[in-house]
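Any read-out appearing in this document is the output of simple, stated calculations on the displayed coordinates, not a laboratory observation. On a predicted model such as this, the values are computed, not experimentally measured, just so you know. Here the Cβ positions follow ideal geometry from the backbone for every residue, glycine too, while neighbour counts run over all protein chains shown.
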Amino acid sequence: MGLTTAQFIKDYKAAALHLFADSLDNLSTLQQYQALAFVVKGYYAKDWVQTKANNEKHHRKQVYYFSIEFMPGRLLGSNLLNLGIKATVEAGLERLALDPVTLYAAEGDPGLGNGGLGRLASAFLDAMASVGMAGHGNGIRYQYGLFQQRFVDGYQVELPDDWLRDPYVWETRKENRAVIVKYGGQVELRPRANGSLQAIYHGAEDVLAVPYDTAMVGYRTGCVNTLRLWAAEPVPGRAHNLAEKARVNAITQILYPDDSDNDGRELRLRQEYFFVSAGVQSIVTHFKRTHADLHLLPQFIAIHINDTHPAMAVLELMRILLDEEEMTWEEAWRLTVATMSYTNHTLMTEALETWPESMFAGLLPRLYQIAQEIDHRFRAAHVQQYGELLVDRSAPIANGQLRMAYLAVIGSHAVNGVAKLHTELLEQSVLHDFYTLYPARFNNKTNGITPRRWVQLADPALATLIDATLGPGWRRDPRALQDLRAHADDPAFLAALNAAKLANKGRLAAVIQQQLGLYVDPSAMFDVQIKRLHAYKRQLLHVFGLLDSYRALKAGEDRPARVHVFGAKAAPSYRYAKSVIKLINAVADLVNHDPAVNQKLQVAFLPNYGVSLAEAIIPAADVSEQISLAGTEASGTSNMKLMATGAITLATLDGANIEIQAVAGAENMVTFGLTATEATRMQSAHTYNARAVYEADPRLRAVVDMLTDGSIPGIASEGREIRTELLDYNDTYFVLEDFAAYLAANRKLDALWADPDRWAQAALANIAASGQFSADFTVQRYGREVWHVLPEQPIGD
Ligand code: 26W
């Protein structure tokens, strides 16, 4: 971009004057941040316009990534890095006596997602722009994001996330691209001369969908794509009473905070249809502006369905091709299947969305008709060859419910899981019938992460060390990190690696001090578990492990000093998860205030875990806890981020942990526990008896009894609830069964920790192997095998 520090300072001062009619030093930190973001927005504006123009001029195929959640994180740092002007701007800020870190921290972090799925969507947008692919996001501009988490007496308290209280500088309102979304009413189908049916709506409710576009700047590519988030507003020029206005605004008011349990509320259905209809309508309208023949749609447009939440895209495209483009069913269906592709992110049956026919038909009468027709044709097409049973099991409509995962598979030409094991389990279980019907559609696309945010931005100490060791080539192609292996026996490098980690731990210790008033020793082993609170992720097993250490230390056994760092939000309606949060905080109180152990054992549960807090925790981790019951975590992505900054993974053979082991080497991580096959076998044979395991293991019994014997103050009801789940409801996620193996694995970690050089070598091996989990490669695989768009940027795979 050839920006000079002097030019930047000139632009920045001008922006302050333009926006706030004042000089920089008179502005608040927030205003200084907003003026800076405004300048940066100006720096990529031309590339954004140029990218659009190029796409049109060269008739480039566009990918539209439909997701009900996005978690972009703060954008100032990543935009500066991706534009290649970070050092220049930071030098300018210093010359203006402004602290870049303070300005970065002034930016709000749009929490428009729950966890893995939403963050992955944003990583993919960064990656598509960074490999020069024309890939755009399509979602919802929630007024309120995921709740702000506070701990009150150890209990989770949810506060509204009013993230738009201050204007979001990166977005641009595109009034002229607004569309109408219809709900309810009755639909009359009137045959046309050409045999197609005209859909006439009676008494439908119209809602205006207004898009807000945010630029997705690629890493040093000049490619700038678009994240389009839709807001619901009353249609202007029509009389609306207050109730109607509120009803419309409610559609995009708030993100549903559940990340595994589909609560089937009508407002959620309204949300899902809202961004899908707005997205598909604007794509078709835009396409028709630049292409004469809609029959060419799949050659120039790919629509990706991120889990079942946008699955109605199949029905909405059919509606438009049938009702507005007057196509035949066959032609419309061929185009729809060729355009759509679907990713499944969870095996949890309770997370697979279904909608009651009555609710669906009432709110979306025309789509319901189309869904019925798809259901009829699906049954008719397969009953001969596969019989009633399979067809009844897999038809999209059954038992009064629309089964959205099935609709997504039937309406897509490609279906993928997010890690090898997950895709295999999908083919063997949840989607087995479809694997029988459409084997060619199934493919695996193991998740990835963006090395820009998680290494270059979050861990500058490590990034600088790698630059000094390998040169900067790894920043564009992280597979070059493999060359670090040549330094495994280089004591100077290993020492520098440990020093970088220690510096990051010092920074996190300051955050823990500031947030929790807790002093932690940076030289201790930082053992990190950061993810949503869910029974299958087994934060409880981690707690049992540290309670066992607590007892051992009290009994005079020696252990290397450890600080257990937790970050986890629980869905507000998920009672068990909230009880585990209370337990972790109660154990933290017990341990941190016990002088007999708190030199060797500490617990730091940082509230309000999200993208920005992850950026502070991840570079400081020595141990990455990935301990879900094998066969439950689809992939995981924190595992990849923690690996990339040198943490040693303590893992079950689940999700992407298996693929991490394959590239890092089993000797450079510690695995334990039941395999997915063993767990499934015990589940289906009903051979697991948790109480028997409890009775047979005195260490385990001692720890479990602490839940109810009063040794952990303040958890009377939570302790009882958790104990009941374990001993009376037979421990759904085999926490007791994997306990002994988990302890043994932790002792292995202690032994490894006792040899800093060996530990550093293992850390190095993980960093060196982490390049392959770059989302750049993941989106290229999608680009070649699913979306059929060839990236310009030839980053070979
Ligand atoms: C209906 C409520 C709901 C909301 C969100 C159900 C399910 C979800 C998501 C699919 C849950 C989710 O975030 N899944 C996670 O997706 C990540 C990205 O692929 C994976 O790495 C995680 O393993 C998976 O749990």
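Listing for the model above:
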| item | result |
| --- | --- |
| Ranked by how many other beta carbons lie within 10 Å on average, peptides 268-274, 396-402 from highest | 268-274, 396-402 |
| Selection of trypsin sites (Lys or Arg not before Pro), region 580-668, meeting DSSP coil and at most 12 other Cβ within 10 Å | none |
| Calculated from backbone phi, Karplus (6.51, -1.76, 1.60) coupling profile of region 406-413 in Hz, x at Gly/Pro | 5, 4, 5, 5, 5, x, 10, 8 |
| Ordering of 38-48, 180-190 by packing [mean C-beta count within 10 Å, highest first] | 38-48, 180-190 |
| Above-threshold pairs, the threshold being 18 Å between Cα atoms, out of Lys13/Lys52; Lys505/Lys748; Lys10/Lys174; Lys182/Lys245; Lys531/Lys748 | Lys13/Lys52; Lys505/Lys748; Lys10/Lys174; Lys531/Lys748 |
| Under 5 Å, built H, 5+ apart or other chain: amide partners of Ile449 | Ser774, Ala775 |
| Sequence-distant residues sharing a close amide H with Gln253 (under 5 Å, placed H) | Gln143 |
| Cβ-based net charge around Ala760, under 15 Å, with every Lys or Arg adding one and every Asp or Glu removing one | -2 |
| Computed FRET value (nearest 0.05) for Arg334 with Glu667, which takes r as the C-beta separation and R₀ as 45 Å | 0.30 |
| Computed label-point distance, nm, for sites Arg377 and Leu267 using a 7 Å Cα→Cβ extension | 3.6 |
| Among 729-735, 17-23, 134-140, 434-440, the order from most to least packed when residues are scored by Cβ within 10 Å on average | 134-140, 729-735, 434-440, 17-23 |
| Loop-located GluC sites (Glu not before Pro) in region 711-797 whose Cβ has at most 15 other Cβ within 10 Å (DSSP) | Glu792 |
| Paramagnetic reach from Glu678 in region 722-744 [backbone N under 19 Å; point 7 Å along Cα→Cβ] | 731-744 |
| Phi to ³J(HN,Hα) by Karplus 6.51 cos²θ - 1.76 cosθ + 1.60 over region 522-535, Hz, x for Gly, Pro | x, 7, 6, 6, 8, 10, 10, 10, 10, 4, 4, 7, 8, 4 |
| Environment charge of Ala121, counting only residues whose C-beta is closer than 11 Å and scoring Lys/Arg +1, Asp/Glu -1 | -2 |
| Proxy reagent accessibility, fewest Cβ within 10 Å first, across Val101, Val693, Val418 | Val101, Val693, Val418 |
| 5 angstrom amide H check on Thr649, placed H, neighbours 5+ away | Ser624, Val670 |
| Local electrostatic count, Pro396, Cβ distance below 14 Å [Lys/Arg +1, Asp/Glu -1] | -2 |
| Signed unit charges on C-beta, dipole axis of region 562-604, positive-most listed residue Leu601, Val591, Tyr574 | Tyr574 |
